[in-house]
1. Which one of the conditions (1) of a type in the set (S, T, N, Q); (2) within 14 Å of chain B (Cβ to nearest Cβ); (3) under 13 Å from the mean Cα position of the chain (by Cα) does A:Q54 fail to meet, given that it meets all the rest?
2. Counting only residues that are in contact (Cβ under 8 Å) with a residue 60 or more places away in the chain and basic (K, R), give me the strands (runs of 3 or more DSSP E) lying completely in the stretch A:12-106 with at least 1 of them.
3. If A:Y76 satisfies every condition in (1) more than 14 Å from chain B (Cβ to nearest Cβ); (2) surrounded by 21 or more Cβ atoms within 10 Å (Cβ to Cβ); (3) aromatic (F, W, Y) but one, which is the exception?
4. Could you check, for the stretch A:17-25, whether at least one of its residues is small (G, A, S), surrounded by 14 or more Cβ atoms within 10 Å (Cβ to Cβ) and away from every other protein chain (no Cβ under 11 Å)?
5. Quick check on B:Q6: is it farther than 22 Å from A:G103 by Cα and of a type outside the set (V, I, T)?
6. For the stretch B:55-65, give me each residue that is in contact (Cβ under 8 Å) with a residue 12 or more places away in the chain and within 16 Å of B:A96 (Cβ to Cβ).
7. Return the residue satisfying two criteria in turn: it lies in the stretch B:20-48 and is buried (at least 21 other Cβ atoms within 10 Å of the Cβ) and of a type outside the set (A, V, I, L, M, F, W, C), and of such residues it is farthest from A:F36 (Cα to Cα).
Amino acid sequence: KQEVTQIPAALSVPEGENLVLNCSFTDSAIYNLQWFRQDPGKGLTSLLLIQSSQREQTSGRLNASLDKSSGRSTLYIAASQPGDSATYLCAVRPDSSYKLIFGSGTRLLVRP
Amino acid sequence: GAVVSQHPSWVICKSGTSVKIECRSLDFQATTMFWYRQFPKQSLMLMATSNEGSKATYEQGVEKDKFLINHASLTLSTLTVTSAHPEDSSFYICSAEVTGTSSYEQYFGPGTRLTVT
């Protein structure tokens, strides 16, 4: 059974700092992995989608990497800003399923 | 592109009544839509998978007679919470998968906050 873990559960950093959020999954047989952002009381915004054949994806200050064999993904945020404060969720889509399996999220606070 | 809307964004209803939540893909077709439930400070829990023109597939432990799902077109899925009780109060989020691509990327709606009094 696929399980997704995100560490740390919460993170507080000063503005301008570069930071890394971690996501690990127990079964490497995945089709893709997505990183999402969720603001309080809101839905999910897709940040990056990495297909299983890809190693990384970049969008602006965000870079997501995928190491399928070791069951790990990282989301790198460069030059963090207070507006980056949110909960970040990663989710994997197993090869054998159409469902997304979510981690419990990392709550990020970027202090001005 | 790839925008998903939900209506209403929040609703308060009395115990015993039914509430319908709509999920629409605004600029793409979605053969498959998903309904999630989220409790405060917790991650999303998949409730059911909605396929256009066929019956929904419910996750284990989700009562199909309580949470009625209809996916009548390629852009609309509805979730009806029947005979709502206070324990049904939650944040309900839908997502839609773009039809005809191999990426299987899901796009999420803004969520509906349901409060049952």
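The values are calculated or read from the model by the stated rules, or taken from the named source; none is laboratory data. Every value quoted in this text rests on a predicted model; they were computed, and no experiment measured them. Here the Cβ is made from the backbone with ideal geometry for all residues, glycine too, and neighbour counts use every protein chain on show.
1. The failed condition is (3).
2. Details: elements: A:19-25, A:30-38, A:44-51, A:56-59, A:62-67, A:72-77, A:86-94.
Correct list: A:86-94.
3. Only one criterion in (1) more than 14 Å from chain B (Cβ to nearest Cβ); (2) surrounded by 21 or more Cβ atoms within 10 Å (Cβ to Cβ); (3) aromatic (F, W, Y) is unmet by A:Y76, namely (2).
4. yes
5. Values: farther than 22 Å from A:G103 by Cα: yes; of a type outside the set (V, I, T): yes.
Taking the combined requirement at face value, the residue satisfies it.
6. B:A56
7. First, the residues of the stretch B:20-48 that are buried (at least 21 other Cβ atoms within 10 Å of the Cβ): B:21, B:23, B:25, B:30, B:33-36, B:44, B:47-48.
Then keep just the ones that are of a type outside the set (A, V, I, L, M, F, W, C); that gives B:25, B:36.
Numbers: B:S25: 18, B:Y36: 15 Å.
Ranking the qualifying residues of the stretch B:20-48, first place goes to B:S25.
Residues checked against (1) among the small types (G, A, S); (2) under 14 Å from the mean Cα position of the chain (by Cα):
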position	(1), (2)
B:S18	yes, no
B:F34	no, yes
B:M47	no, yes
B:A84	yes, no
B:A96	yes, yes
B:T115	no, no
